[in-house]
Amino acid sequence: PDENSGRRPAILLSEQQQEHIRYTFHRILADRIYPTTEKILDYMLADDDDFPVHSPTTLLRWMKKLGLVYKRTSKVIVPLDSPSFMAARARYFRALDQLKSKGSKIFWHDETWCNKNEEKVFVWTDGTTGKGRLRNSDGKGKRLAISALLSNSGFHLPSVDIFECDENHSMDSNHFVAWIDRASHTIRKELGKDATVTLILDNATWHNRLTEETMPPKRSWKKQLIINWLDKHDLPFTDNMTKAELLEVAFDNLPSKRYVVDEVAAKNDVQILRLPIKHCMLNPIELAWSGLKNFVRKNNINFRLSDVRHLAMQWISSLTAGDSGAYIDHTLKIEETFKKSDRFTEQIEEDLMDEDDDDVNSEEEGVLD
């Protein structure tokens, strides 16, 4: 916004901060308490008084962006998570429970990045000379992408993938598919042909590339390409149909999605399970990344990419089964919170009334500002 407009700059939240809002909301529901905006904000600031959102009105806007919908009791307006998120969690937890009951060896996957110039965020310096800081550049410099698998035994060291990338990003589906092929082959060889193996991934775009057979047509395609797609999938159409009508036929009859990653892993009899969208807190490896970055920042004194690579691998190699077990136990508690919250939501939902957005805005802002 214009500096003279009098408007405050918009508050930007990271994906983790947005998920913290959702999880706090579910913590309150799990305790069988109606999660009003004011109560959610109180919980969040009690956890972290530096959280960027301090205004109930701002929190209300973010909650709507996260897909929360509002219902009314006889006395108060309360937010509820969208049915799509609740259904996705239910499917994920059911699949995970079934895998565990069958004794599947489960690996959680994730990627993170470390910059060449990683250092501790706060260091003591001389206020007049600036001495005390190890480097003068404010840029983060080149960085490394780190892709790894975590199980209850620790990191799976043979499959750790560390490579140089630019600051905008790095990973693409071709690189990831090749990595999945190598990792699943290695794990199958280690565990033997009879073991049940599952890799849990998030929903990054490079994890979800569709197979050619299930890829839908695009609006940008020429009309003949769309006709070819319909022919290939044995879908009826007439010669006088417009491009828009042909696309409508295609979109109404899309094949079930199949992913390249899943099929590559299946060659080694390895199953892929995906986390619900926007639920990275259900991945225990997220806790490991926090420890890794703290270690690198503490010990990075030369600011060379080779040193950062060495420090990252040193920390990954030192992680014990006890450490990873603690991360997994923490995630299990989060899972239980979501399960309790969703059960309570089902109990109370029939007694709640749909609420108009304008009514929510006026009543919430009138009460909370």
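Where a number appears in this text, it was derived from the coordinates with a stated rule and is not lab data. Since this is a predicted model, take the numbers as computed values, not measurements. We place every Cβ from the backbone using ideal geometry, glycine too, and count neighbours over all the protein chains shown.
General observations
- In the range 49-108, the inverse of the mean reciprocal separation of distinct Cα atoms equals 14.7 Å; this is its Kirkwood hydrodynamic radius.
- Restricting the range 24-75 to trypsin sites (Lys or Arg not before Pro) that sit in a DSSP loop and have at most 13 other Cβ atoms within 10 Å of their own Cβ leaves ARG32, LYS75.
- Fully extended contour minus Cα-Cα distance, from MET313 to ASP166, at 0.36 nm per residue: 51.0 nm
- Relative to the current alpha-carbon distance between LEU235 and ARG72, full extension at 0.36 nm per residue lengthens the span by 54.1 nm.
- Calculated FRET efficiency for the pair GLU190/ILE301, C-beta based, R₀ 25 Å, to 0.05: 0.10
- Theoretical gain in end-to-end length, ASP47 to ARG219 [0.36 nm per residue, Cα-Cα removed]: 57.3 nm
- Spin-label model distance (nm) - LEU12 vs ARG182, 7 Å beyond Cα toward Cβ: 3.3
- Cα gyration tensor shape for the range 217-362, rounded if a/c is under 1.5, else prolate or oblate: oblate
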